[in-house]
Amino acid sequence: MAEKQQFKAEIKQLLQILIHSLYQDQDIFLRELVSNASDALTRLNFESLTNPDIFEPDAELAVWMETVNTDEETTLIIKDSGVGMSAEELARNLGTIAQSGAREFLAKLEAGESAPTDIIGQFGVGFYSVFMVADEVRVVSRSYRPGDEAAVWISDGGDSYQIEASDKATRGTEIHIKLKKDAADYATPHKLREVIKKHSDYVNYPIYIDGDQANQQESLWRKKAADVTDEQYHRFYQQMTFDFLEPLAHIHFQTDMPVSLRSLLFIPAKRERNMMSLRKEPGVKLYSNNVLIQEYCADLLPAWLSFVDGVVDSEDLPLNVSRETVQNNRLMRSLAQLLRKRVLRTIRKMAEKESEKFTAFWAEYGRVLKEGIAIDPAAQEEIVPLLHFVSSKSEGAITSVKQYVERMTAEQEHIYYVLADSDTAAANSPHLDPFTAKEWEVLYFTDPVDPFILATWTEFEGKKLQNVEDAEIDLPDTADDEAAPTAASEKAINLFVGRAVTALGERITEARLSKVLKGSPVRLVAPEEGGDSGMARISRMMSDNYEVPKRIFEINGSHPIIVNLAEKLEGESEGAAATADLIIEQLYESALVQEGLHPSPGDMLPRIQKLMEIASAK
Ligand code: ADP
Ligand code: MG
């Protein structure tokens, strides 16, 4: 039984990195071991809900730390009364990399994305971090299964480990850490208390150091909000997630009607979890009266709020629930309803009162909420009031649709938007010409998901959403106007329009003079039939056989480019037709780019070069 076994190659590599690099924060090994002990206790707790056959069923669920300081050795012992491990489990769990975090850590190092010192200081790497402080580690363990025998796993962090039989008489795991000289501090209660306070204060089981409890072990979510400081919320969040960015908001919420509910939720600063996050899946921690019954409960919040993390505790939930009963429970539905309302209210308040925070929130989660509208039309009513966009009058900031409506002028009937690939493209859109002239505000829909939400979202507070590129857009004053006066003769302009029809042929539905263009030479207008630009954009992004949709080619008869070309055509000056064709092609393709409809803008480059040659000719 006592033969040496080799670590898997990847562990050897990890151990080398841990032992030989200059780590900045040795403390994290303690956090990792306490987190493992706490996991083992939670698993035991959960097992005992359904399994009557448990070794030492009445043992206290706790973590104990003891220190040995003699001339020969300084040793720290960390014990727990959790599930424990058999000899096979010791080999499997500690001889191979179980933790996905450690694997990712190695992958990141191999890819050269970070130096080991960058990462180790900030994050944990699971059990093996103990070798940052240990000359030798002995893991003595006895499983909760009554028939299993105790065993000990021994390693000095070299290439191999050893497993032997042990006479441990109690359930759980003991980790004996023979400390390196420069880590001898960890064998003093004072140091241990300090680290526990910092990293493990809210662990759900008592942690005893030489007999005295060192952690608060309180369920912060069960305290009154008035008695909890921001600092405590933040630390609780850190200890739960290992996310070191302060969350954007916490939602501490308790009620007894219609159901008992104690919850503490957080909106993380970033949507992406950091790679060492303790939270590996979406979902909140679900407790029944302080007993954890589900680590990731994704049934309490809709998918478009799944970035919310935290704890939900209800005394009304039965303890031994299966996943299915959790899902189909009437109680769960009413919890879900309460939570959803509360989270939405928090986001709304943030939008109203903390615009800077909300801007950060929107940058991170705006798209998730929009996807909510696309996949869950029933949620539209809740999400739409949260929608924010940059607009032609917002100077780069975001504005809500409600604020837009409040700014609408008396003669303005609709909510106008422009689809574009970026704010700059939107600002330069020729479709904005008449709106700029009338000083009407236009919302910029620049997110790739925006066309999707337009499939189901068509109005706000009784006002219709109107795409500025629609052909028959009804603008007072301009709608009945004749085309703007032109400097060129009617004959010249007609020649130009005719030239455009010939040059662009089947690619457009028609060419005509514009009534609305001011600063832009041309624009593409969606014809009433088959003109959905939103769908065309989606198809350009998603499909391989995208076809450029046909548009009306609208010409600004008073723009210098058009006037000059029209006059050249009329005067039949040399090369006029050829130059006009080149420029018409370019105007058309530039407009496609502008609309986000061009399949491959790079194809325009040879023509642009040609035009530069013409422009620079002596
Ligand atoms: P992780 O905790 O992310 O799974 P670790 O490297 O910290 O990764 O631990 C590896 C595995 O060893 C754990 O998944 C668990 O199965 C086992 N283990 C570690 N510590 C204990 C313990 N105190 N009691 C029971 N099992 C443990
Ligand atoms: Mg761990």
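Within region 264-321, the set of residues being at pLDDT 85 or above, of a type in the set (S, T, N, Q) and either open to solvent by 10 Å² or more (accessible area, probe 1.4 Å) or not in a loop (DSSP other than H, G, I, E, B) (or both) comprises Ser306 only.
Within region 542-576, the residues that satisfy the criterion of being open to solvent by 40 Å² or more (accessible area, probe 1.4 Å) and within 14 Å of Ile493 (Cα to Cα) are Ser558, Pro560, Ile561, Asn564, Glu567, Lys568, Glu570, Gly571, Glu572.
Screening Phe242 with (1) at pLDDT below 90; (2) more than 21 Å from the chain's Cα centre (by Cα); (3) surrounded by 15 or more Cβ atoms within 10 Å (Cβ to Cβ) gives one miss only, at (2). The residue that is farthest from Asn45 (Cα to Cα), among those in region 82-93 that are within 6 Å of ligand 1 (Cβ to nearest atom) and among the hydrophobic types (A, V, I, L, M, F, W, C), is Met85.
Residue by residue through region 133-147, note down the ones that are within 16 Å of ligand 1 (Cβ to nearest atom) and surrounded by fewer than 18 Cβ atoms within 10 Å (Cβ to Cβ).
Filtering region 133-147 for residues within 16 Å of ligand 1 (Cβ to nearest atom) gives 133-134, 137-145.
Scanning region 133-147 gives a single hit, Arg145.
In region 173-184 there is no residue matching the filter, namely being in contact (Cβ under 8 Å) with a residue 12 or more places away in the chain, of a type in the set (S, T, N, Q) and more than 26 Å from Trp153 (Cα to Cα).
Provide a single number: the residues in region 155-174 that are open to solvent by less than 20 Å² (accessible area, probe 1.4 Å) and assigned to a strand (DSSP E or B). So the answer is 5. Of the residues that make up region 422-437, is at least one surrounded by fewer than 19 Cβ atoms within 10 Å (Cβ to Cβ), modelled with pLDDT of 95 or more, outside any helix (DSSP H, G or I) and out of contact with any strand residue (DSSP E or B) (no Cβ under 6 Å at 6 or more places or on another chain)? No - not one qualifying residue is present in region 422-437. For region 100-123, the criterion of being at pLDDT 85 or above and away from ligand 1 (no atom under 11 Å from the Cβ) is met by none of the residues.
Scanning region 48-59 for residues that are of a type in the set (Asp, Glu) and farther than 15 Å from Thr173 by Cβ yields Asp53, Asp58. Scanning region 491-510 for residues that are within 45 Å of the chain's Cα centre (by Cα) and either of a type in the set (S, T, N, Q) or open to solvent by 20 Å² or more (accessible area, probe 1.4 Å) (or both) returns Glu506, Arg507, Thr509, Glu510.
Residues that are open to solvent by less than 20 Å² (accessible area, probe 1.4 Å) and under 22 Å from Pro560 (Cα atoms) were ranked within region 521-530; the one that is farthest from the chain's Cα centre (by Cα) is Val522.
The values are calculated or read from the model by the stated rules, or taken from the named source; none is laboratory data. None of these values were measured; they are calculated from a predicted model. FYI the Cβ positions are ideal-geometry reconstructions off the backbone, even for glycines, and counts take in every protein chain you see. Keep in mind that these areas ignore ligands, DNA and RNA; they rest on the heavy atoms of the full protein, side chains included. Shrake-Rupley method; radii C 1.70, N 1.55, O 1.52, S 1.80 Å.
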